[in-house]
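Participant: Shown below is the structure under consideration.
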Amino acid sequence: MASSDPVLTQTFRLLTPAAPDAVWAVLTCPESAPSYLHGLTPRTCWSPGAPVEWAVAGATIPGQVLHADPPYRLSVTVEDSSGTTTYLTWTVRAGSDASDGTVVRLDVEEPGGGSCEAELEDIWLPVLQRLGDLLREATPR
């Protein structure tokens, strides 16, 4: 990517009652991912530099694990059929008080300006919503 290429960056956040370890477990679980991640199933060992195969409907989408620091940070790539690579960074942190829950932040970077803000919101806001729903269901009260 040339330095003059536009990069669209969006940040999405959610607050969940789940502990950071529980958030990490859901983010990296191939059985849970399809329920919040548009049907995508990740196949990887979650080690930095490892390839990721995002499986969906009998096809695979390539990607790579860029950074993994359980349970605090996970960065991966997803490459679409046009060759555009989207960079996803999940950051997980406990709230300042145990009763505050956990803050989950998703930073999405798309080089080349292929999408607009509204398109990224249409794609990623439902992901955060479904992830939050899944974490609430899995968290004892």
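Participant: In the range 1-91, which GluC sites (Glu not before Pro) fall in coil by DSSP and have 16 or fewer other Cβ atoms within 10 Å?
Facilitator: Passing sites in the range 1-91 are GLU31.
Participant: Moving to a separate point now. In what sequence do CYS45, CYS29 fall when counting other Cβ within 10 Å, fewest first?
Facilitator: Arranged by neighbour count, lowest to highest, CYS45, CYS29 become CYS45, CYS29.
Participant: If the only charges are +1 at each Lys and Arg Cβ and -1 at each Asp and Glu Cβ, what is the size of the charge dipole of the range 1-75 around the Cα centre, to the nearest 20 debye?
Facilitator: Dipole magnitude for the range 1-75 comes out near 80 debye.
Participant: For labels at SER96 and ARG136 in the simple 7 Å Cα→Cβ model, what's the distance in nm?
Facilitator: According to this spin-label approximation, the distance is 2.5 nm.
Participant: Taking Cα atoms, how many degrees apart are the long axis of helix 117-138 and the longest axis of the chain, rounded to 10 and kept between 0 and 90?
Facilitator: Around 30 degrees separate the two axes.
Since every read-out is calculated from the coordinates, none of them should be taken as a lab result. The structure presented is a predicted model; accordingly, all values stated were derived computationally and were not measured. FYI the Cβ positions are ideal-geometry reconstructions off the backbone, even for glycines, and counts take in every protein chain you see.
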